[in-house]
1. Based on Cβ point charges of +1 for Lys and Arg and -1 for Asp and Glu, what charge dipole magnitude is obtained for the stretch 6-259 about its Cα centre, in debye rounded to the nearest 20?
2. Cα gyration tensor of the stretch 89-141, axes a ≥ b ≥ c as square roots of the eigenvalues: rounded (a/c below 1.5), prolate (a/b > b/c) or oblate?
3. Please give the contour-minus-distance gain from Ala138 to Arg170: 0.36 nm per residue of separation, less the Cα-Cα distance, rounded to one decimal in nm.
4. When a/c is below 1.5 the answer is rounded, else prolate if a/b is larger than b/c, else oblate, so apply that to the stretch 89-234 with a ≥ b ≥ c taken from the square roots of the Cα gyration tensor eigenvalues.
5. Alpha carbon centre of the stretch 232-265 versus the stretch 85-164: separation in Å?
6. Over all distinct Cα pairs, what is the inverse of the mean 1/r for the stretch 6-259, reported as the Kirkwood hydrodynamic radius in Å?
7. Can you name the helices of the chain, as whole DSSP H runs, whose Cα span along the helix axis is 27 Å or more and whose Kyte-Doolittle mean is not below 0.0?
8. Can you pull out the chymotrypsin sites (Phe, Trp or Tyr not before Pro) in the stretch 176-265 that DSSP calls coil and that have at most 14 other Cβ atoms within 10 Å?
Amino acid sequence: MPATSPWIERLSRIGILAKAVIYLSIGLLATGVALNLGGALTGARGVLHLLLDQPLGRAILALLAFGLAAYTLWLFVQAFVDPDANGTSFVGLVNRLGQVITGVAHGALTVEAVRLAAGLSGLVGGGVEAWVGRLFLAPYGVWLVGVAGAVVVVLGLIQIWRGLRGNVRRDWQLRALDPAKDRWQIRLGRFGLGVRGLVLAIAGALVIRAARAFDPQQAGGVEDVLRALQRQPASGWLLGTVGLGLAAYGCFALIEARYRFIPSA
């Protein structure tokens, strides 16, 4: 297995913590809406803007920006150095391509956090719809958007499978986690991974729909998925379950930051 340097290991753990903050915030805010306790239906960019309005908001965003930058770097290390030995199998290539896509998205999120922390306005047109619209302008843009959407759908399905039936400890390299003693962490991880996989699969399907219609406004991210769930029958139960699942995924990210095995030189 390829080795990474100690500083990459430390940055990766900081980055995973930043991911945990984002998903905990998204999930708890959505749960609040489902329970009529306030909250908001938002994605990662919305979380940044909400944090900006809190006491010491700019300082919090500066710390979060550093963590997001670290996570972006780690995603690209995973994709190109392949420390987890995903290899070149179909699932391995999908995972690595997904890490590139996720890395690009978190890179844009990092820029947003830096701008807000510096007292500047956020990026104009930084949502999924805007990125899809830009990609349409590239050569073979429609195909690129369709492939990106398909990759996200497959990633979501893989994550659902791993959450329901997979070996969470092995798949996420949680070697220091004892499945005999820490069963609740495994159960929490399964719930969170399954729900996050569902949200990813739906978001990917929205991107594919946008590619087929050549309409970037038909694409969507986490916020759009949550709003779509709110419009369904029994929306309170549905949105509440998904909100709790995303919060559980945030908790799982905290567990991952603590227990994940990251090879170092």
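Read the figures in this text as sums done on the coordinates, not as results from a lab. Bear in mind the structure is a predicted one, so any value in this text is a computation, not a measurement. Using ideal geometry, Cβ is built from the backbone for each residue, glycine included, and neighbour counts are taken over all protein chains shown.
1. 500 debye
2. Taking the square roots of the gyration eigenvalues as a ≥ b ≥ c, the stretch 89-141 is oblate.
3. Gain on extension, Ala138 to Arg170, equals 7.6 nm.
4. Note, shape of the stretch 89-234 comes out prolate.
5. Going from one Cα centre to the other spans 19 Å.
6. 18.6 Å
7. Helix filter hits for the chain: 6-34, 57-80, 90-117, 141-164, 183-213, 235-259.
8. Phe214
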